[in-house]
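Chemist: The following block contains the structure, expressed as structure tokens.
The values are calculated or read from the model by the stated rules, or taken from the named source; none is laboratory data. As the structure is a computational prediction, the values presented were derived from the model and not from experiment. As a convention, Cβ positions derive from the backbone with ideal geometry for all residues, glycine included, and neighbour counts pool all protein chains shown. Each accessible area value is taken on the protein alone, full model and side chains, heavy atoms only, with ligands, DNA and RNA left out. Shrake-Rupley method; radii C 1.70, N 1.55, O 1.52, S 1.80 Å.
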Amino acid sequence: MAINEEQVKHVAKLAKLSFSDDELTGFTDQLGKIIDMVEQLGEVDTEGVPFTSNVLEIINVMREDVADEGWSRDELMKNVPESEDGFIKVPAIIDNGEAGA
């Protein structure tokens, strides 16, 4: 799958990044190579290969997940600088599905 500079520009805009023309060309080439390698991995025959979730034989040493009574919403909302209809109000960072400038 080929990737073009317009696609890299689009992803950069969504990530709020900016690149020079030389960087854009370099990243386009690098991302194209990465995509090609991932596609090549899809061609590998893994039939009969058992799933490996972890290469080390480790047991879960975490504590038991126990539900606790939480804080009241009213008490928590006292710490919020601005709220609306019972929700925390934050500045918009996305407009019309695109990242802001």
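Chemist: Run down A67, A2 and say which single residue is exposed (fewer than 10 other Cβ atoms within 10 Å of the Cβ) and in contact (Cβ under 8 Å) with a residue 12 or more places away in the chain.
Modeler: Step by step, each of A67, A2 is checked, and only A2 is exposed (fewer than 10 other Cβ atoms within 10 Å of the Cβ) and in contact (Cβ under 8 Å) with a residue 12 or more places away in the chain.
Chemist: Counting just the residues of the range 15-64 that are part of a helix (DSSP H, G or I) and among the aliphatic types (A, V, I, L, M), which one comes out least open to solvent (accessible area, probe 1.4 Å)?
Modeler: That would be L24.
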